Each structure stands twice: as structure tokens, then as C-alpha cells.
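The values are calculated or read from the model by the stated rules, or taken from the named source; none is laboratory data. All values derive from a computational prediction rather than experimental measurement. Counting neighbours? That spans all protein chains shown, and the Cβs are built from the backbone with ideal geometry, glycine included. SASA here: full protein model, heavy atoms, side chains in, ligands and nucleic acids out. Shrake-Rupley method; radii C 1.70, N 1.55, O 1.52, S 1.80 Å.
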Amino acid sequence: MSSGILSRRFVFSGGRVIDPAAGVDAVRDVVVADGVVAGPEAAEGAERIDARGLVIGPGLVDLHTHLREPGDEHKETVATGTRAAALGGYTAVAAMANTRPVADNAAVIQAVRDLATAAGLCDVFPVGATTRGLGGEVLAEMGEMVAAGVRVFSDDGLPVPTARLLRNALLYVRAFGDDVVIAEHAEDGSLVEGGHMHEGIRSASLGLAGRPSEAEEIVVARDLALARATGGRLHLCHLSSARAVELVRRAKEEGVRVTAEVTPHHLTFTDEDLLTYDTNRKVNPPLRSAEDRDALRRGLADGTIDAVATDHAPHAVEEKDAEFDLAPPGTIGLETALGAVITALVEPGHVSLSRAIEAMSTTPARILGAGEHGGPIAPGSPANLVVFDPEQERVVEPPFASKARNSAFLGRRLRGAVLYTVLRGDLVVAEGKPTR
Ligand SMILES: [Zn+2]
């Protein structure tokens with residue numbers, strides 16, 4: 001690779017631009033100059049990158065990433081997690097608050113941001129904890145964190161435990177205006193305690209305690225009722241069950257201010273994929289039945305589910321190398337999300353490539369309030385872009401840029417390979433490799 005490719009002025013020529021924010025799906029050149037998308041007049045003399053056969057989209061945006069720093073740097077750091085994000089085509093990620101210490105105050109929020117700025121690979125939007133220390137007893141210093149730029153609050157890993165506390169949180173965010181949202185991990189603790197997979201025929205035959213769909217359904221119903229009553233904005237993390245999708249569909253019809261996300265692994269796998277006791281497929285909420293997975297796919301296709309989010313959850317090798325009931329839940333996802341969505345949804349015709357990019361970039365950017373991301377790819381806009389080959393196939397295997405290797409997709413062949421990621425005009429990934 002010539003060093004010229006790192007110049008501040010270049011043009012992706014002849015690629016298929018898919019830009020849902022502008023309603024564009026057409027072959028055209030995209031010129032980048034001095035950090036922004038430029039008009040064709042800036043193309044003269046610029047470095048040309050052949051993008052024929054490639055798709056150019058707005059950089060992907062993840063609503064749900066666990067970067068583990070501070071506190072669990074043996075699993076992941078902001079630097080390694082954002083490198084994984086960039087390689088996966090992401091230009092912005094929301095970093096969950098369940099770090100040690102918990103991100104429940106402006107100082108931790110700023111520390112995470114500073115680490116991301118130093119790494120320079122992907123924008124990080126820290127999520128603030130809804131309750132102090134994730135303790136579920138009193139609300140965190142939300143006002144202080146909003147003043148520090150936080151727009152999403154979540155106790156992810158746990159739901160807000162009582163209806164009264166969640167109601168207060170929703171009333172509080174409503175007072176901040178339209179751009180602040182409570183993101184909920186919807187699982188009833190009393191029903192999932194001690195459980196390790198979806199409760200059903202498979203859990204019975206494998207001899208593992210279950211986590212029933214009702215655990216999700218009950219909390220989703222409670223949360224929707226409170227969002228309806230308060231007018232506060234609610235976002236539901238990683239939906240996994242058909243009935244939860246149906247509850248969200250009905251709530252949206254009523255005008256409740258709710259958005260929802262689904263993960264690539266819940267769109268791909270079912271509890272049948274646990275027959276080998278693969279701990280990398282032990283996730284919370286658990287992989288459920290084929291009917292549930294199909295309902296998630298339909299929900300994403302018809303817009304009931306707004307976004308695809310990774311729930312990137314890195315763990316050390318020795319932590320996952322344990323008996324199924326002892327291994328911690330979670331799969332990494334940033335480096336495989338686009339390929340997983342293309343393979344499970346676009347390739348079989350469940351959703352269009354344009355809808356996939358909308359759900360992985362345009363819409364999550366809007367939910368997150370990340371105005372510089374998600375397109376449009378128009379002159380003057382910050383150049384945050386992903387360029388990928390929608391046909392190239394790769395088998396998922398280490399090494400990963402993530403410090404972890406606990407991927408539910410290990411050994412799977414995925415279609416779609418990220419070749420370039422552009423962050424504010426800088427090629428942070430070129431020819432499929434990180435540049436820094
Ligand atoms: Zn969660």
C-alpha cells in the first residue's frame with residue numbers, strides 16, 4: 001500500500017452508494033477532502049481508490065458495546081475494542097456503563113472518552129448508568145452526566161428492578177427533552193436466576209436450567225406501560241422473543257416512544273445451536289426457538305425493531321473455557337456483525353441491503369444522537385464511511401482485533417468483508433487492515 005492512500009484527499013470511484021438517510025442507492029464516486037465529503041470538483045488530483053463492485057455506506061453505529069475499561073482490561077480495552085469496531089466498519093459505538101468503576105458519573109464518562117480519543121479509531125459515546133453503581137436503588141447523577149454529553153442511560157446486564165424507579169427515570173429523561181433515552185435490559189431476575197439457556201425442550205434434554213421467554217415479555221410489558229404513562233423515551237436492548245416483538249409492534253401503533261434493537265446472534269442462531277455446549281453461544285438473553293428467531297427477522301424487516309446492535313461482550317479465553325453452567329454469558333460481535341447480517345438476512349432475501357445499512361447505521365445514529373454519523377453522504381458532511389465487498393466470503397477465526405476470541409460465529413462462513421473505514425476523513429482501515 002502506498003503511503004499516498006493515507007492522504008487527506010481521496011475518491012472512492014465507481015462504488016454502489018447506499019445512503020438511507022438520503023434515499024440514495026446508486027453507483028457514483030464519493031470524494032473525501034479534509035475530513036468531509038466533498039463535491040466532484042475536489043476529485044481532481046485526489047488519490048483514486050477503485051470501489052467497483054463495492055458498497056459505500058455511512059459508517060456503522062453500534063448502540064451496544066461492552067469495552068470493559070475501566071476495570072476489566074484483561075477482557076478488552078477501549079483501544080482494542082475500538083480497533084475491532086473500526087475493522088467491523090463502525091465509526092461510532094455506545095459503550096455500556098457496567099465497568100469497574102461503573103460509569104455513573106461525569107468523571108468516568110470523560111475518562112472513557114479520553115481513552116477513545118487517544119486511540120483515534122472510532123467515536124465512543126459512553127452510556128451512563130441509570131442507577132448509582134448499577135445498584136438498582138437510587139438514580140445515578142443523570143443531570144451531571146447529561147451536562148457531560150450523555151444521551152443514553154442503561155443498567156445493561158440488569159433491568160431497572162422496580163417499576164417505581166424506572167418511572168422516575170423515564171420522567172427524569174423526559175424533562176431533558178427529546179434526545180435522552182433509557183435503554184433497558186429486559187429480563188425478570190426472579191425468572192432467570194440460575195438459568196443458562198432458553199427454557200424449553202432443548203434445555204430439558206441438555207439438562208440445563210432455563211431462562212424462559214416470559215422473563216423478557218414481563219419486563220418489556222412493564223417498561224412499555226411506563227413509557228406510555230410518562231412519555232419518556234425507552235429503548236429496549238437485544239430483543240430475543242416473538243412475544244416481545246409483538247408487544248413492541250402494538251406499542252408503536254399506539255404511539256409509545258419506544259425503539260428496539262436485536263443482535264446478529266439472535267438473528268442467526270437458535271437453542272438448537274447449543275447442542276454441543278458451545279460456551280461462546282451462551283448469551284443473555286439466551287438464543288431461543290426458530291419461531292422466535294424468525295419473528296425477530298420479520299420485526300427487523302418491517303421496522304418494529306429499529307436497529308441491529310452487537311452486544312459485543314468480550315471475555316478472556318480462560319473464563320469461557322469452562323463448563324457451560326459456569327461460563328460467563330456473551331459473545332464478541334463488532335468484527336462479524338455486518339457479515340452476519342448479510343449472511344442471515346440479506347442473502348436469503350429477508351431484508352434489503354439498504355434496510356440492513358439503515359438498521360446498522362442511519363437509525364442507531366439517530367437513536368444515539370450521533371449527528372455526525374449515519375449519513376447523509378453529502379458534500380459538507382463529516383466523512384464517516386464504510387466500504388465493503390458484499391460478495392467476499394470469510395471464515396470467522398482468530399486472530400481478532402478484539403482482545404477476546406469468544407465469538408458465537410467461530411468457524412462460520414460469512415459473506416461481506418469490510419475493506420475501508422473512514423473516520424472524519426481518515427482511513428482508519430484500508431484494504432481490510434487497520435492503519436494505526
Ligand atoms: Zn444486556
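Points worth noting:
- At most 13 other Cβ within 10 Å, DSSP loop - GluC sites (Glu not before Pro), region 31-92: 44
- Here the gap between residue 302 and residue 204, fully extended at 0.36 nm per residue and compared with their Cα-Cα distance, gives a gain of 31.9 nm.
- Degrees, to the nearest 10: 242-253 long Cα axis against longest axis of the chain: 70
- Overall Cα dimensions of region 1-113, principal axis frame, Å, largest first: 50, 34, 24
- Annotation: average projected area of region 169-218 is 4.4 square nanometres, based on the convex hull of Cα atoms across all directions.
- Surface share of carbon and sulfur [accessible, 1.4 angstrom probe, percent] for the chain: 50
- As a rough guide to protection, the peptides 127-135, 22-30 ranked by mean Cβ packing within 10 Å, highest first, stand as 127-135, 22-30.
- Of the Cα atoms belonging to region 253-302, the radius of gyration and Dmax stand at 12.9, 43 Å.
- Viscosity 1.567 mPa s, 4 °C: Kirkwood-radius Stokes-Einstein D of region 337-410 over Cα pairs, µm²/s: 90
- Compared with the dominant principal axis of the Cα atoms in the chain, helix 106-119 is inclined by about 40°.
- When the P(r) of region 74-215 is calculated, the portion above 20 Å amounts to 55% of the C-alpha pairs.
- Kirkwood hydrodynamic radius of the chain, from inverse mean 1/r over distinct Cα pairs, in Å: 21.6
- Of the GluC sites (Glu not before Pro) found in region 229-300, those in coil by DSSP whose Cβ has at most 16 other Cβ atoms within 10 Å are 254.
- In this structure, the amide hydrogen of residue 289, modeled 1.01 Å from its nitrogen in the peptide plane, lies closer than 5 angstrom to those of 271, counting only residues at least 5 positions away or on a different chain.
- Relative intensity, log₁₀ I(q)/I(0), of region 98-157 from a Debye sum that treats every alpha carbon as a point, q = 0.29 Å⁻¹: -1.21
- Accessible solvent surface per residue of region 68-152, calculated while the other protein chains remain in place, 1.4 angstrom probe, Å²: 33
- Alpha-carbon centroids, region 177-227 and region 259-305: separation in whole Å: 13
- Debye-formula intensities of region 216-303, expressed as log10 I(q)/I(0) at q = 0.11, 0.16 Å⁻¹, are -0.31, -0.61 (one equal scatterer per alpha-carbon, no solvent).
- Within the listed set 217, 358, 144, the Gaussian network model of the chain (springs between alpha-carbon atoms below 10 Å) gives the highest mean-square fluctuation for 144.
- Based on Cα atoms of region 289-360, Rg over Rh with Rh as the Kirkwood radius reads 1.06.
- Counted charge near residue 364, where neighbours are those whose Cβ lies closer than 11 Å (Asp, Glu -1; Lys, Arg +1): -3
- Taking 1.567 mPa s as the viscosity and 4 °C as the temperature, the Stokes-Einstein diffusion coefficient of region 123-176 based on its alpha-carbon Kirkwood radius rounds to 115 µm²/s.
- Overall dimensions of region 82-128 as given by Cα atoms, namely Rg and Dmax in Å: 10.5, 30
- Translational diffusion of region 385-436 was estimated from the Stokes-Einstein equation, with Rh taken as the Kirkwood radius over Cα pairs; at 10 °C and 1.306 mPa s the coefficient is 131 µm²/s.
- Rg to Rh, two decimals, where region 281-429 supplies the alpha carbon set and Rh follows Kirkwood: 0.98
- GNM result for the chain, Cα springs below 10 Å: residue of 204, 370, 94 fluctuating most strongly: 204
- Helix 78-87 vs. the chain, principal-axis angle (Cα, 0 to 90°, nearest 10): 60
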